[in-house]
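The values are calculated or read from the model by the stated rules, or taken from the named source; none is laboratory data. Fair warning: this is a prediction, and the values are worked out from it, not measured in the lab. Cβ: placed from backbone, ideal geometry, glycine included. Neighbour counts: every protein chain shown. To get the accessible areas, we keep the full protein, side chains included, count just its heavy atoms, and leave off ligands, DNA and RNA. Shrake-Rupley method; radii C 1.70, N 1.55, O 1.52, S 1.80 Å.
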Amino acid sequence: MKIIIFTTQTTHHTKFVLDMISKYPNTKVIQENNQVKATFDTYHNFQSQQETYEKNFFFNGHEKKIVDIIPTLEVKNINDEQTAELIKSFGPDIIIVFGTSRINKTIIDLLPGKFLNLHGGNPINYRGLDTHLWAIYHEDFEELVTSIHLVEPKLDAGKLIAIKPLNLHSKMKLHQLPAENTLCCIALALDAINNYENFEYLSSGQKGRYYSFMPSVLKELCVQKFQKFTENIK
């Protein structure tokens, strides 16, 4: 089995890559370094807490980067020609996207039907960015799920393959949520690889609302709403 992972550098993405290559060593990684940023303030201090928590949770407090664990093709934009060249030369059976910018049709067409995206949310209702946060903002806690779907040029609009609820627990904090999402992503990706020759689709395509970056002020509301919700989990 030959796999390519499209991703960016975060601690939880490093954990994802590490677990994937432990199961499938014939894996290549393409890391996108020039990420799109909002034109307004989106930072909240729970994000620093998240980074510290993930280092402790996944790597016993140590900082790990993807390039430390596997040779990595680094590109400014995931649609760079270097990406296409690696796909053509390596000939992957499947490509898994976890946290990059939009993939264009030229790249998708290099491996049609076997190009999968991991999405932190339910794309039937929440497409785009910060979708777990937007679900929390709307107090739509049943939508705290992770999904895997085919990649299409339209963001988060491909056929849905599987969906998995996040493991939420009593008094859980918002900064812990991305780590739980990562564990779901690992499980979904491994299941998809095991069934890559015969995907069964839950839906034919997504038409949910597209969400963009969440402003800092709304993230503070999410921290409060999530804490209130998890305090009532038994």
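Go through the range 94-117 residue by residue and tally those that are charged (D, E, K, R) and more than 20 Å from the chain's Cα centre (by Cα). I'd like the intermediate steps shown before the answer.
From the range 94-117, those charged (D, E, K, R) are 102, 105, 109, 114; that's our starting set.
Those still in the list that are more than 20 Å from the chain's Cα centre (by Cα) too: 109.
Count: 1.
Residues in the range 147-165: is at least one open to solvent by less than 10 Å² (accessible area, probe 1.4 Å), without any contact (Cβ under 8 Å) to a residue 24 or more places away in the chain and touching a strand residue (DSSP E or B) at 6+ places or on another chain (Cβ under 7 Å)?
Let us first name the residues in the range 147-165 that are open to solvent by less than 10 Å² (accessible area, probe 1.4 Å), namely 147-149, 158, 160.
Applying the additional criterion that residues be without any contact (Cβ under 8 Å) to a residue 24 or more places away in the chain yields none.
Looking for residues that are open to solvent by less than 10 Å² (accessible area, probe 1.4 Å), without any contact (Cβ under 8 Å) to a residue 24 or more places away in the chain and touching a strand residue (DSSP E or B) at 6+ places or on another chain (Cβ under 7 Å), one finds none in the range 147-165, hence no.
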note = (1) touching an Asp or Glu at 6+ places or on another chain (Cβ under 6 Å); (2) surrounded by fewer than 23 Cβ atoms within 10 Å (Cβ to Cβ) all hold for residue 170 apart from (1)
task = Scan the range 128-146 for residues that are crowded, with 18+ Cβ neighbours inside 10 Å and touching a residue at least 40 places away in the same chain (Cβ under 8 Å) and jot them down.
result = 129, 130, 131, 132, 133, 134, 136, 146
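Looking only at the range 45-66, which residues are part of a loop (DSSP other than H, G, I, E, B), touching a Lys or Arg at 6+ places or on another chain (Cβ under 7 Å) and either open to solvent by 90 Å² or more (accessible area, probe 1.4 Å) or closer than 22 Å to residue 27 by Cβ (or both)?
Let us first name the residues in the range 45-66 that are part of a loop (DSSP other than H, G, I, E, B), namely 45, 60-65.
If we keep only those that are touching a Lys or Arg at 6+ places or on another chain (Cβ under 7 Å) as well, we get 61-63.
Passing the criteria: 62, 63.
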message = Please go through the range 6-44 and give me each residue that is open to solvent by less than 30 Å² (accessible area, probe 1.4 Å), under 16 Å from residue 177 (Cα atoms) and in a loop (DSSP other than H, G, I, E, B), ordered by number.
response = 44
ask   = Among the listed residues 180, 231, 220, which satisfies the condition of being at pLDDT 95 or above, of a type in the set (Asp, Glu) and buried (at least 18 other Cβ atoms within 10 Å of the Cβ)?
value = 180
Total residues in the range 192-234, condition under 27 Å from residue 173 (Cα atoms), part of a helix (DSSP H, G or I) and touching a residue at least 12 places away in the same chain (Cβ under 8 Å) = 13
